[in-house]
Amino acid sequence: LEKVPSDFEISRAQKPKHIRDMAHEIGITDSELELYGPHKAKVQLHLLDRLSHRKNGKYVLVTGITPTPLGEGKSTTTVGLVQALGAHLGKIAFANVRQPSMGPTFGIKGGAAGGGYSQVIPMDEFNMHLTGDIHAISAATNLLAAAIDTRMFHENSQKDGPLYKRLVPSKRGVRQFSPVMLRRLKKLGIDKTDPNELTPAEASKFARLDIDPDTITWRRVVDCNDRHLRTITIGQGAAEKGHSRVTGFDITVASECMAVLALSNSLSDMRERLGRMVVASSKSGDPITCDDIGCGGALTALMKDAIKPNLMQTLEGTPVFVHAGPFANISIGANSVLADKMALKLAGTEPGEDEAEKSGYVVTEAGFDFTMGGERFFNIKCRSSGLVPDVVVIVATVRALKLHGGGPDVTPGVALPEVYRKEDVELLRKGCANLAKHISNAKQYGLPVVVAINQFETDTAAEIAVIREEALKAGADDAILSNHWAEGGKGAVKLAEGVIKAANKVENKEFKLLYDVDKTVEEKLNIIAQEMYGAAGVELSELARQKIETYTRQGFGKLPICVAKTQYSLSHDPALKGVPTGFTVPIRDVRASVGAGYLYALAAEIMTIPGLPTHSGFMDVEVSEDGEIEGLF
Ligand code: ADP
């Protein structure tokens, strides 16, 4: 292999085409396009109506084996694969990826545009503000946080009558309910539309939410790894005396508004989901929603442009949708349903067209390994969108499989131990058990599975042969070496051909989800832990049991579940490599993202706002005199 330049040098050396030209090539009209400079555009949702008659293109999910902390190349493979499909095999092929958070970009992980000759460009625009979606989500989340605390402040300082009058003031002599207030009246079963007609009891019921401050789950957010905001005390100003409260910040991408953006099927669906988000309980134990606070409409207003997918391109000029990026630690870690739906129509076929010949491809990625990311992708994202994938790609690397075979730990920023740099077929073969478990897990969903062996400079032919052999033995439909990092799309042509073949397979293909949402929360947790992780079962803490009881009583027991656990093991314990069995997964807590539409169960202490390392990414960034950003990686 020749020396591959840095990601940034590669990104900068390629001049992107005008995004309008890219849009025209794939059949987006000018009236559907909103340009944000020459390299980015938003695409309006009415495109979905225009193309509703089309049959969807092929839907490809890229996931991985249990990774090392270095990452095994899912994003890089996603981009390399579409470059091969689009620029080398003549298909319309979209990479649908998440918008990265600026926290990791300036922290330890760096950007997320792929790597080597498989990248989304321009990588600086991709990794920073993009078109402002994350800023919009921060604004929405923080507006609701401010609304909650302020509402408690006003309720505490006013009697029922004045509170109601101030909440529904007269404007030019007329007292009127706003649309969001009418929603609350409906929920309360008060069948009146004239504010003057409410009885004092009804007015009190309407105005007083009686939030129990100890139950508030809504936190403020910022898109920066600012660890000192993890726990804070608010309300310490003289004017807020007596209203202080301990709360904290999460990183913006960990917010429920981000998860709502990812899972919404339309603008009106997003409006409903934002309104349904539960932020606390009342002192009598009823859930308090964003719409109860009166915020659902305003949050939708703040996010109404964020809902439109963002179009960019790869190094080889093929289309990319960059949209939404819920934090994989506690959420689905996948891009948006709407970007997928849009790309599937653009890559779709007209009635009567030969699908195998004409169909395009939409390649999307799920954060973490198959067993977590893929499980959530199917059971939460696909359940919500109704979309059915055609093929699963599992990215494997020699280095991660050696780690699972018993190799020493690897640490970012530290040179790899020697076993990872020279041939060791024995160690590798042992570690292939981890790949086999992910393959058999993926097979449970009834889809073809293709293993992508992401080639590194140090891999040997004998090692590649072992992975291929073990993957086929475990039931993979194919296992293909791919060298897209060093060669771009050309290096992934064989992988792309394998994906096309698998996606067009008709036999033994029947997509099925893992569990029925009507089962109890504990049953669903046990199914995920046993069938996917290889556990004996779950063990609920007292807190988790209480929360499940509360959510079930409040009517949220029938939601799918996102289990938050380490990505570094199939189990909940990052030290257990390979394929651990017989362990019990401790569930410490269960929380609800009612608007997004899932419960999440914490199997570990999960950090919702990372910290910055001593040498942070931001220390390498500079801007040249001509305005070029340098040092992002
Ligand atoms: P993931 O999406 O699985 O976290 P990425 O695609 O972001 O992984 O890759 C992680 C890092 O490894 C990136 O910096 C990428 O450039 C690098 N990388 C990926 N594949 C290769 C490869 N085959 N050779 C060298 N570096 C690679």
Roughly how tilted is helix 493-503, in degrees to the nearest 10 and between 0 and 90, from the longest Cα axis of the chain? 60 degrees
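Work out, step by step, the length gained on full extension between GLN530 and GLU469: first 0.36 nm times the residue separation, then minus their alpha carbon distance; give nm to one decimal. Don't skip to the end; give the middle numbers.
On the way: separation 61, 0.36 × 61 = 21.96 nm, distance 2.67 nm.
So the extension gain works out to 19.3 nm.
So, counting K/R as plus one and D/E as minus one, what does the shell of residues with Cβ under 11 Å around THR349 add up to? Don't skip to the answer; put the middle values down first.
On the way: positive: ARG54, LYS55, LYS58, LYS345, LYS358; negative: GLU350, GLU353, ASP354, GLU355, GLU357.
Combined, the nearby Lys, Arg, Asp and Glu give 0.
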Report, by chain and number, residues whose modeled amide H sits under 5 Å from the one on ALA334, excluding near sequence neighbours (fewer than 5 apart, same chain). GLY367
Residues THR584, THR608 in order from fewest to most other beta-carbon atoms within 10 Å are THR584, THR608
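Under the 0.36 nm per residue contour assumption, what length would be gained going from the current alpha-carbon distance of ARG54 and THR614 to full extension? Write out the running numbers ahead of the final one.
Details: separation 560, 0.36 × 560 = 201.60 nm, distance 5.19 nm.
Here the answer is 196.4 nm.
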ASP518: net charge of surrounding residues, Cβ under 14 Å, Lys/Arg +1, Asp/Glu -1, itself excluded? +1
According to the Cα gyration tensor, what semi-axes, each the square root of 5 times an eigenvalue, does the equivalent ellipsoid of region 239-290 have, listed from largest to smallest in whole Å? 26, 16, 9
Can you compute the FRET efficiency between LYS17 and ASN265 using 1/(1 + (r/R0)^6), with r the Cβ-Cβ distance and R0 = 25 Å? Round to the nearest 0.05. 0.20
Förster radius 41 Å - calculated FRET efficiency between GLU542 and SER244 (Cβ-Cβ, nearest 0.05): 0.90
Expressed as an acute angle from 0 to 90° and rounded to the nearest 10, what is the orientation of the C-alpha long axis of helix 267-276 relative to the principal long axis of the chain? 60 degrees
Rounded to whole Å and sorted largest first, list the principal axis extents of the Cα atoms in region 551-633. 60, 36, 19
Grab every C-alpha pair in region 488-623, bin the distances at 5 angstrom width from 0 up to the longest one, and report whole percents. 2, 9, 14, 15, 12, 11, 12, 11, 8, 5, 2, 0
On a 0 to 90° scale, report how tilted helix 179-188 is relative to the longest principal axis of the chain, with both axes built from alpha carbons and the result rounded to the nearest 10. 80 degrees
Pairs over 23 Å Cα to Cα, from LYS437/LYS509; LYS437/LYS524; LYS512/LYS558; LYS308/LYS524; LYS55/LYS512, come to LYS308/LYS524
Please compute the net charge surrounding ARG183, taking Lys and Arg as +1 and Asp and Glu as -1 over other residues with Cβ under 14 Å from its Cβ. +3
Ranked from highest to lowest mean number of other Cβ atoms within 10 Å per residue, what is the order of the peptides 139-149, 174-184? 139-149, 174-184
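Taking Cα pairs under 8 Å and at least six residues apart, what relative contact order does region 132-196 come out at, in percent?
Averaging sequence separation for qualifying contacts and normalising by length gives 20 percent for region 132-196.
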Counting other C-beta atoms within 10 Å, and keeping those with at most 11, which DSSP coil GluC sites (Glu not before Pro) do you find in region 537-633? GLU605, GLU625, GLU628
Span per principal axis, largest first, for the Cα atoms of the chain (Å): 80, 56, 55
How many nm is it between the label spots at ALA415 and THR217, if each spot is 7 Å from the Cα in line with the beta carbon? 4.9 nm
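Full-extension gain between GLU630 and GLU549, please, as 0.36 nm times their residue separation minus the C-alpha to C-alpha distance.
Values: separation 81, 0.36 × 81 = 29.16 nm, distance 5.23 nm.
Stretched fully, the GLU630-GLU549 segment lengthens by 23.9 nm.
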Calculate how large, on average over all directions, the projected area of the Cα convex hull of region 77-227 is; give the answer in nm² to one decimal. 15.0 nm²
Translational diffusion coefficient, Stokes-Einstein: compute it for region 444-566 using the Kirkwood radius over C-alpha pairs as Rh, at 37 °C and 0.692 mPa s, and state it as an integer in µm² s⁻¹. 183 µm²/s
Karplus couplings for region 482-490 from phi (6.51 cos²θ - 1.76 cosθ + 1.60, θ = phi - 60°), rounded to Hz, Gly and Pro as x? 9, 10, 5, 5, 8, 10, x, x, 4
Assuming R0 = 45 Å, can you tell me the calculated FRET efficiency for the pair LYS283 and LEU513, based on Cβ-Cβ distance, to the nearest 0.05? 0.75
Take the alpha carbon gyration tensor of region 273-426, find the square roots of its eigenvalues, order them as a ≥ b ≥ c, and report rounded if a/c is under 1.5; if not, report prolate when a/b exceeds b/c, else oblate. oblate
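Express as a percent, rounded to the nearest 5, the fraction of DSSP beta bridges in the chain (both residues included) that run antiparallel. Let's see the in-between values first.
Numbers: 31 of 69 bridges.
Approximately 45 percent, going by the DSSP bridge assignments.
Taking loop as defined by DSSP and a crowding limit of 15 other beta carbons within 10 Å, which trypsin sites (Lys or Arg not before Pro) in region 265-302 fit? The partial results should precede the final answer.
Details: sites: ARG271, ARG273, ARG276, LYS283; in loops: LYS283.
Here the sparse-neighbourhood loop sites are LYS283.
Show that you can apply the helix-only estimate: for the chain, add -39,500 (n - 2.57) for every DSSP H stretch of four or more residues, divide by all residues, and state [θ] at 222 nm to the nearest 500. Intermediate results must be reported in sequence, preceding the final value.
Details: 23 runs with 206 residues, N = 633.
It lands at -9000 deg cm²/dmol.
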Hey, got a sec? Which trypsin sites (Lys or Arg not before Pro) in region 289-383 land in a DSSP loop and have at most 15 other Cβ atoms within 10 Å? LYS304
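Only the coordinates and a few stated rules stand behind these numbers; no lab work does. Only a predicted model underlies this, so the values are computations on that prediction, with no experimental measurement involved. Methodologically, a virtual Cβ is constructed for each residue, glycine included, from the backbone with ideal geometry; neighbour enumeration extends over all protein chains shown.
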